[in-house]
Amino acid sequence: MSWRQRRRRAGHARGPVDPEDLPDDKRRLLKRAQRLEAWSLAYLASAIVVIYLTLGASQAMKAAWLEDLLSLIPPISFLVGSKVAHRKPSAEYPYGYHRAVTVAYLVGSVALLFMGTWLFVESALKLVRAEYPSIGTTQLFGHTLWMGWLMLAALLWSAIPSVLLGRAKLPLAESLHDKVLHADALMNKADWLTAVAAMLGVLGIGMGWWWADAVAAGVIALDIAWDGQRHLRTALGDLMDRTPRTLDSKHAEPLPRRIHEALCGLDWVEAAQVRVREDGHVFCADVRLVPKERGPELVTRLGNAAADLKRLDWRLRDVLLVPVDRLG
Amino acid sequence: MRGARRVGVLLFGWLALLLGACGLPRDTHGTQERIVRDGVLRAGLVRHEPWTGLQDGKPTGPEAEAVAKLAEQLGARVSWTVAPEAELMHALEERAVDVVVGGITAKSPWVKQLGAGQPYLTTRMHVGAPPGQTVPESLEGASVSVAPGSGAGPRLQAWGARVREVERLHEAPGLRAAWDWQLDGWGYAAGEDVLREEQRIWVVPAGENRWLLTVDRFVVDHAEPIRRRLLASARAGETPTAPDEDRR
């Protein structure tokens with residue numbers, strides 16, 4: 001099958017995607033983000049191969065390699081998630097597919113946490129057992145070269161483009177309100193630290209400090225595990241319908257307050273109670289409100305209010321307004 | 001923030017250059033310095049003819065001679081320990097010897113925890129045909145001579161060959177299963193199929209990366225002479241069978 005045909009088929013398969021799902025400008029950004037992630041995948045694959053070829057007996061190299069391998073998860077989740085998440089709700093999945101992103105996020109974070117922990121234990125054991133790493137030589141253009149130099153070159157390749165990709169992705173993640181993309185951008189940006197740690201490990205071996213390698217690997221492992229637990233907590237929070245927070249999880253999302261204020265500003269509303277949950281990268285609001293009067297115009301008012309609320313924020317997908325006698 | 005990162009990268013770059021200038025890699029226990037300072041290279045020898053052997057109590061064989069040459073280059077003499085491979089690997093772990101030789105293969109189970117040198121020579125075992133003949137495409141029913149206890153025997157039998165174990169392989173008529181350097185030495189034409197492949201290495205203690213680099217550079221440069229000496233020993237009709245057999 002030619003590339004063009006495959007493209008057409010992919011376009012066809014995207015038929016059930018909700019055209020109203022994203023505003024036009026956001027859809028352009030999404031396209032850009034998808035392109036960036038595809039590039040990331042290709043680049044990561046190259047970095048993984050290059051590091052694997054120079055792996056040797058260095059634990060720090062192994063840690064850096066594993067880190068690169070694990071950083072494949074966010075781009076893949078993003079690419080798969082962005083295809084799946086924007087599908088229209090179906091009879092089978094009446095709430096749509098937005099949570100697919102959260103599921104991917106959960107799986108990825110568990111992988112990070114476990115691999116990080118395992119790698120940390122392994123590195124610690126190497127320190128305790130005082131294992132001396134040997135880095136041998138290889139033939140390059142007819143010269144016998146210390147493998148350490150190749151390792152350093154491979155690590156440089158795994159660091160520099162990664163930082164640039166991360167910096168390009170970060171603003172996209174913010175304007176698309178996409179957690180996976182955000183996590184990926186941060187991981188990429190922090191990747192140079194991993195590479196520097198591994199480089200120090202390799203240079204340490206070169207200096208004859210046998211412990212430097214295991215220490216560097218331990219630091220990288222801790223970093224991986226730390227990322228894992230952070231993302232795991234965010235993913236669990238999302239699945240538990242925790243009050244939405246901003247992308248970096250540092251502040252409360254102002255949207256619920258804004259919805260509440262907008263409703264209380266209406267002259268026919270006496271009181272309102274707002275709950276907002278996050279479905280992947282979109283919000284759904286459940287509102288219970290006490291109307292001042294309950295004439296025949298109430299239904300129209302509710303409908304208008306819901307439409308107005310949706311205009312507050314493009315991420316607000318669903319607004320459910322329930323009139324009640326009093327708030328419980 | 002951005003400025004701090006740039007400074008960090010620059011500092012790291014300078015550090016790397018600085019380190020690069022002062023002769024990486026280094027040994028964790030200064031093996032190479034010690035050899036040069038004390039003028040003694042402690043070498044372990046596994047008897048494995050024709051790679052290494054003993055003649056009148058003196059180490060011989062191409063690898064033993066290469067070790068002597070390496071010591072000479074470093075201005076040292078060789079202090080030999082002759083022992084089985086397992087014993088010498090243990091000695092390497094404890095840093096009681098500096099290098100172990102004797103046709104050791106990269107598959108040896110001990111070398112992973114030690115400083116395995118670069119495979120300097122890959123040897124393959126084939127079925128070879130006498131000069132002027134070729135190895136038949138199918139060995140079904142063909143008679144092939146092998147050295148006693150050679151792993152090639154059962155494999156050839158599985159292919160349907162009639163295997164004959166002979167003490168003096170270099171005098172056996174017809175097809176012979178032997179290493180590539182033996183076949184070359186006899187003027188035999190090697191068949192396509194590889195019965196066994198081994199990468200030969202020298203082994204040093206773990207973490208002695210400068211010493212490992214020195215050994216690797218030396219042994220890669222001397223791969224050809226070592227192979228030539230193996231070939232000559234095959235031509236001279238020495239058959240490496242049981243290593244402890246005294247042929248003289």
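The values are calculated or read from the model by the stated rules, or taken from the named source; none is laboratory data. Computed from a predicted structure; not experimentally measured. So basically every Cβ, Gly included, is an ideal-geometry build from the backbone, and we count neighbours across all protein chains shown. With ligands, DNA and RNA removed, areas are computed over all heavy atoms of the protein, side chains included. Shrake-Rupley method; radii C 1.70, N 1.55, O 1.52, S 1.80 Å.
For region B:201-209, backbone phi angles converted through the Karplus equation (6.51, -1.76, 1.60; θ = phi - 60°) give residue-by-residue couplings of 9, 10, 10, 10, x, 5, x, 8, 6 Hz, Gly and Pro being listed as x. With charges only on Cβ, +1 for K and R and -1 for D and E, what is the dipole size of chain A about its Cα centre, in debye, rounded to 20? The calculated dipole for chain A is roughly 860 debye.
Between B:Asp193, B:Asp27, B:Asp184, the GNM of chain B built on Cα springs shorter than 10 angstrom shows B:Asp193 fluctuating the most.
Rolled with a 1.4 Å probe across the full set of protein chains, the surface gives A:Val80 an accessible area near 80 Å². Around the amide H of B:Ala172, modelled in the peptide plane, lies no amide H under 5 Å away from a residue 5 or more places distant or on another chain. Ranking A:Gly56, A:Ile76, A:His98 by how far each Cα lies toward the positive end of the dipole of region A:51-104 (charges on Cβ) leaves A:His98 at the top. Computed from backbone phi with θ = phi - 60° and the Karplus coefficients 6.51, -1.76 and 1.60, the 3J(HN,Hα) list for region A:313-324 is 8, 5, 7, 7, 7, 9, 10, 10, 10, 10, x, 9 Hz; x is used for glycine and proline. Summing -39500 (n - 2.57) over the DSSP H runs of n ≥ 4 in chain A and dividing by its residue number, what mean residue ellipticity at 222 nm do you reach, to the nearest 500 deg cm²/dmol? Rounded to the nearest 500, the figure is -21500 deg cm²/dmol.
Put A:Lys26, B:Lys112 in order of accessible area, highest first, and with a 1.4 Å probe you get B:Lys112, A:Lys26. With a 1.4 Å probe and all protein chains left in place, how much of the accessible area of the protein assembly as shown comes from carbon and sulfur atoms, in whole percent? C and S atoms contribute 58 percent here. Near B:Val99, the amide H atoms lying under 5 Å from its own belong to B:Gly44; only residues 5 or more places off or on other chains count, and H is placed 1.01 Å from N.
Charge tally around B:Arg42: other residues with Cβ under 13 Å, Lys/Arg +1 each, Asp/Glu -1 each, net -1. Taking the centroid of alpha carbons for each part, region B:127-197 and region A:266-288 are 84 Å apart.
Among the protein heavy atoms, those of A:Cys264 account for about 60 Å² of accessible surface (1.4 Å probe, every chain in place). Across A:Trp39, B:Trp181, B:Trp110, A:Trp209, the residue with the most accessible area heads the list, and the full order at a 1.4 Å probe is A:Trp39, A:Trp209, B:Trp110, B:Trp181.
Compared with its chain on its own, region A:101-140 contains the following residues whose accessible area drops by 10 Å² or more in the full protein assembly (probe 1.4 Å; ligands, DNA and RNA excluded): A:Tyr132, A:Pro133, A:Ser134, A:Ile135, A:Gly136, A:Thr137, A:Gln139.
Take the accessible area of chain A alone and of chain B alone, subtract that of the pair, and you get about 2100 Å² summed over both chains, using a 1.4 Å probe.
Within the full protein context, the accessible area of A:Leu72 is estimated at about 40 Å² for a probe radius of 1.4 Å.
GNM, chain A, Cα, under 10 Å: largest mean-square fluctuation among A:Gly201, A:Gly280, A:Gly142? Maximum fluctuation in the GNM of chain A, among the listed residues, is at A:Gly142. Here's how it looks for B:Ser145: its modeled amide H is under 5 Å from those of B:Arg164, B:Leu175, B:Arg176, B:Ala177, which are all 5 or more places away or on a different chain.
Phi angles across region A:46-58 convert, under the Karplus curve 6.51 cos²θ - 1.76 cosθ + 1.60 with θ = phi - 60°, into 3J(HN,Hα) values of 5, 5, 5, 5, 4, 5, 4, 5, 10, 3, x, 9, 7 Hz, Gly and Pro given as x. Surface analysis of region A:198-277 yields an accessible area of 48 Å² per residue, using protein heavy atoms and a 1.4 Å probe. Please check: in the Gaussian network model of chain A (C-alpha springs, under 10 Å), which one of A:Thr300, A:Thr102, A:Thr137 has the largest mean-square fluctuation. Of the options given, A:Thr300 has the highest mean-square fluctuation. Only helical runs count toward this figure. For chain B, summing -39,500 (n - 2.57) over DSSP H runs of n ≥ 4 and dividing by all residues gives -11000 deg cm²/dmol at 222 nm.
Taking each of A:Lys26/A:Lys189; A:Lys62/A:Lys179; A:Lys169/A:Lys250; A:Lys126/A:Lys189 in turn, the alpha-carbon distance tops 21 angstrom for A:Lys26/A:Lys189; A:Lys62/A:Lys179; A:Lys126/A:Lys189. Using a 1.4 Å probe on protein heavy atoms, which residues of region B:163-206 have at least 10 Å² less accessible area in the complex than alone? Residues of region B:163-206 that lose at least 10 Å² of accessible area once the other chains are added: B:Ala206.
Nearest 5 is fine: what % of DSSP beta bridges in region A:255-323 come out antiparallel, could you say? The antiparallel fraction comes to roughly 60 percent.
Heavy atoms of the protein chains alone define the surface here; on that basis chain B has 50 Å² accessible area per residue at 1.4 Å probe size.
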